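First the structure, in the form of structure tokens, and then the observations on it.
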Amino acid sequence: MFRKPTLPEYDIQDVGSLISQVFGDVDPEKLSAFVPVKNELPLLPAFLAHYRRLGFEQFLVFDDRSNDGTFEYLRKQKDCVVIHTAMTFGEELIYTGETHKNSRVQRFGTFAKMAIPPYFMNGKFVAYFDADEFLILPPGVTHIREVYDRIEEIGSSGALATMVEFFPRSTAEFKKPLPHSFDGLMDAYGWFEAEPLFDPMAEMDGRGKPIFVNPSKSMRLFEHYGVQPSIIRETLREKIYLSSKEKKNQEFNRSARHKTPILKRTDDSFLFTCHDAITPPKGEILLTLAHFVFTSNFARKIQNARKWKAHVKGAAKYRYYQELLDRMSDVEDGFLTDRSQRYENPQQLIDAGLMRW
């Protein structure tokens, strides 16, 4: 009789048995950022240059078996520590910690973001970014150390951030090469929706997450172009052969609008999802992450995400992104609305309610 395979069970303290440090040595005294990557070579030069300019001295890189030259590139970076793991991003496990009672099954990628940074740097501030996320510092702030000092001054565990999706005027920009610097990315995809996403000083919902006041740019685009992620579309083959779990995975997961990118990692302060911390930061500080979703790299990202199924719900969101891009193709100024602004400085983000300092 066929038996469903049982999932492995792990707690945070078990992460040491699942990782191997394949390049570089960790210095816990350095200002460090944790970044998970899988075939992110096109964005890495801009990503590393940007965060070095902000003052980061060390990058803990969880490389999920990249095969596009990412690993070879990272080996040449003296400030990068490369980590490999026994499991891949999309594999599932049961997290046995007491802080996640309502959602025990996790993808390993989520578990790694929660567990790897404190393993190396317990009691230290460790920032966490994906390769397409670029932190924007508040007006007058030039170094990440100033942010850490402010966090400690107000007695917070870290800092929240809005996830602001930046975009070009139209998909015509996708035909051009991907820029290799933050300034180049802003030149090509420097538009954003100037409206607040959530109030960090407001009460959280029953799950300890922010209450959002506006949808993400992705959701506004889906609505405008008539893409309906709530409707599951299956081919005849999928209806016959997909398991109930795989069918469920086709359900759409809304784009993130917030994150906890900076956190002092301790036994009482750590991420329990990709975006939320078990000890939520105070709302006096709200940073902004420029999320470069809509770039000339996007078609490749859609293809890879659907192939790897390492994202939430088997990367169902990218199925609908493909439909969206098909509908937007060659629409003049297809990304722009009456709320769209061209980014010039961080004061715009404060004025729009997307940053607080």
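No value in this document is a laboratory result; all are computed from the given coordinates. Computed from a predicted structure; not experimentally measured. Note: ideal-geometry Cβ built from the backbone for every residue, glycine included; neighbour counts use all protein chains shown.
In plain terms, if you count all Cα to Cα distances in the range 7-131 and split them into 5 Å steps from zero, the share in each step is 2, 11, 22, 23, 20, 12, 7, 3, 0 percent.
Order these by the 10 Å Cβ neighbour count, fewest first: Ile12, Ile154, Ile262. Please report the intermediate quantities before stating the final value.
Numbers: Ile12 19, Ile154 12, Ile262 26.
In order of increasing Cβ crowding within 10 Å: Ile154, Ile12, Ile262.
Want the number for Ala202 to Asp351: 0.36 nm per residue separation, take away the alpha-carbon distance, what's left?
Result for the pair: 51.8 nm of gain on full extension.
Count the net charge of all other residues whose Cβ sits under 10 Å from the Cβ of Arg169, scoring Lys and Arg as +1 and Asp and Glu as -1. Around Arg169, the charge tally is -2. Put a dot 7 Å past the Cα of Arg300, heading toward its Cβ, do the same for Arg150, and the two dots end up 3.5 nm apart. A crude spin-label estimate for the pair Val105 and Glu29, with each label 7 Å from Cα along the Cβ direction, gives 4.6 nm.
Here the Karplus curve 6.51 cos²θ - 1.76 cosθ + 1.60, taken at θ = phi - 60°, turns the phi angles of the range 56-69 into couplings of 6, 10, 8, 10, 8, 10, 8, 9, 8, 6, 4, 9, 10, x Hz, with x standing for Gly and Pro.
For the pair Arg65 and Glu92, the difference between a 0.36 nm per residue extended length and the Cα-Cα distance amounts to 8.0 nm.
Using a ≥ b ≥ c from the Cα gyration tensor of the range 98-159 (square roots of the eigenvalues), is it rounded, prolate or oblate, where a/c under 1.5 gives rounded and otherwise the larger of a/b and b/c decides, a/b for prolate? It comes out prolate by the Cα gyration axes. Remark on Asp68: its backbone amide H falls under 5 Å from those of Asn39, a criterion applied only to residues 5 or more positions apart or on other chains, H modelled at 1.01 Å from N. Since only His143, Tyr73, Leu48 are under comparison, the one whose Cα sits farthest along the positive direction of the charge dipole of the range 32-149, derived from C-beta charges on Lys, Arg, Asp and Glu, is His143.
A Förster radius of 35 Å combined with the Cβ-Cβ distance from Gln341 to Asp79 puts the calculated FRET efficiency at roughly 0.55.
Put a dot 7 Å past each Cα toward the Cβ at Lys175 and Ile211; how far apart are the dots in nm? The modelled label-to-label distance comes out at 4.7 nm. Checked against a 28 Å cut-off, the cross-linked pairs Lys76/Lys209; Lys30/Lys301; Lys30/Lys175; Lys76/Lys259; Lys217/Lys301; Lys38/Lys317 give Cα-Cα distances beyond that limit for Lys76/Lys209; Lys30/Lys301; Lys30/Lys175; Lys76/Lys259. Computed extension gain for Asp333 through Arg53, at 0.36 nm per residue and net of the alpha carbon distance, reaches 97.6 nm.
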